[in-house]
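Engineer: My structure is below; once you've seen it, I'll send some questions.
What follows is calculated from the coordinates using simple rules that are stated; it is not laboratory data. Values in this document were obtained by computation on a predicted structure and should not be read as measured data. No Cβ is skipped: glycine too gets one built from the backbone with ideal geometry, and neighbour counts run over all protein chains shown.
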Amino acid sequence: MPSKVITIDGPSASGKGTLAKLLSKQINFDLLDSGALYRAFAFFTNQGLSHEVITKKLSSISFILKHAKVQIVSDNEDITNELRMERIAILASELSSKSLTRKLLLPIQRGYGANSNLVADGRDMGTVVFPDADLKIYLDANIEIRAKRRQLELQKRGQEVNIHDLMTDILERDNKDMRRDISPLRKADDAFTIDSSNLSSEQVLNNAIDEIKKRGLI
C-alpha cells in the first residue's frame, strides 16, 4: 500500500512546527522537518565534507519526538544542539537560496515519503517537494499573533525583544520567502487553509485531524 504524505506549509511563526509534531504523534506518521534538514546540510558542509558524504548523512537522519521536542539523529549521533547554533542557522539561510542546494536536497526529502507515512513541515513541501501529497495544509496567522508567539519563544530563552522589531523582522522574512526565485513560499492551489490566529494548538490539530478523516487518510 503506497505511503501517505501530509504537508504543512506557511510563513514564519505560523505554528507549522508545533502542528507537525502534534500531528505526527497523534496519527503515528514519520516527521520531516525540512528546516532542520537544511541546517544539517549547512552543518555538514561547514565540516568540509563532500556532497556524496553529506547526501548519505542527510539520508540517514531521523526526526525523533521526545517530550514535545524533536531530536535530530544522524548515523546514531544526536546533532540537535549543533543545528541550533547561530552560525549554522546563518549558513543554512545562505545555502538554501542556492539552486544547487535545492537540487541536492530535493530527492533526499522525497525519500522520506517513499516508504513511510509522513508529515512534512516547511515552506515548499506542498508546492515543490510533494506536489502530489494526499493533504496539503497551509497554516497562517496574522502578523501581530506571529510576532507575539516569536516574542514568547525568545523570552523562554532569556532574550528580551521589542514586539515592533519582531513584526518588522517577520514581514521582511515573509517578503524574502515569497519573492525568492527558487521555491518561493506560496499556498498550493489545492491546499487546505487553517488560520491559527485565534486558535490554540489543540484546536489547530483538531481542524487538521477532521480534514484528514474526511479524506480517509486515517
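Engineer: Report the Cα-based extents of the range 87-180 along its three principal axes, largest first, to the nearest Å.
Structural biologist: The principal-axis extents, from largest down, are 43, 28, 27 Å.
Engineer: Which residues in the range 175-218 have a backbone N closer than 18 Å to a point placed 7 Å from the Cα of residue 154 along the Cα-to-Cβ line?
Structural biologist: 175-176
Engineer: Please compute the Kirkwood hydrodynamic radius of the range 1-120 from all pairs of different C-alpha atoms, in Å with one decimal.
Structural biologist: Taking every pair of different Cα atoms in the range 1-120, averaging 1/r and inverting gives 14.8 Å.
Engineer: Still on this structure, please answer the following. Between residue 142 and residue 60, what is the label-point separation in nm under the 7 Å Cα-to-beta-carbon projection?
Structural biologist: 4.9
Engineer: My understanding is that a pair violates if its Cα-Cα distance is over 29 Å; which of 98/214; 16/103; 103/156 do that in this structure?
Structural biologist: The answer is 98/214; 103/156.
Engineer: Additional query: Which of the three applies to the range 140-218, rounded, prolate or oblate, going by the alpha-carbon gyration tensor with a ≥ b ≥ c and a/c under 1.5 meaning rounded?
Structural biologist: Oblate.
Engineer: In addition: When the chain is fully extended, how far beyond the present Cα-Cα distance does residue 189 get from residue 46, taking 0.36 nm per residue of separation?
Structural biologist: 47.8 nm
Engineer: Based on the mean of other beta carbon atoms within 10 Å per residue, what is the order of 10-19, 69-78, 186-195, most packed first?
Structural biologist: 10-19, 186-195, 69-78
Engineer: Within the range 127-168, name every residue whose backbone N is under 16 Å away from a label modeled 7 Å from Cα of residue 198 along the Cβ vector.
Structural biologist: 140-146
Engineer: Could you list 96, 3 so that the one with the fewest beta carbons within 10 Å of its beta carbon is first and the one with the most is last?
Structural biologist: 3, 96
Engineer: If you don't mind, there's one more thing I want to ask. Based on the alpha carbon coordinates of the range 5-210, what radius of gyration and maximum Cα-Cα distance (Dmax) apply, in Å?
Structural biologist: Rg then Dmax for the range 5-210, in Å: 16.4, 46.
Engineer: So what is the calculated 222 nm ellipticity per residue for the chain, using -39500 (n - 2.57) for each DSSP H run with n of 4 or more, over all residues, to the nearest 500 deg cm²/dmol?
Structural biologist: My calculation for the chain gives -15500 deg cm²/dmol from helical runs alone.
Engineer: Something else about it: Work out the length of the dipole vector of the chain about its Cα centre, built from +1 on the beta-carbon of each Lys and Arg and -1 on the beta-carbon of each Asp and Glu, and round it to the nearest 20 debye.
Structural biologist: Taking the Cα centre of the chain as origin, the dipole is about 180 debye.
Engineer: Near residue 18, within a Cβ-to-Cβ distance under 13 Å, what is the net charge of the other residues, with Lys and Arg +1 and Asp and Glu -1?
Structural biologist: Cβ neighbours under 13 Å give a net charge of +3.
Engineer: Another one. Once the mean 1/r over all distinct Cα pairs of the range 1-64 is inverted, what Kirkwood radius in angstroms do you read off?
Structural biologist: Details: mean 1/r = 0.0742 Å⁻¹.
Roughly 13.5 Å, rounded to one decimal.
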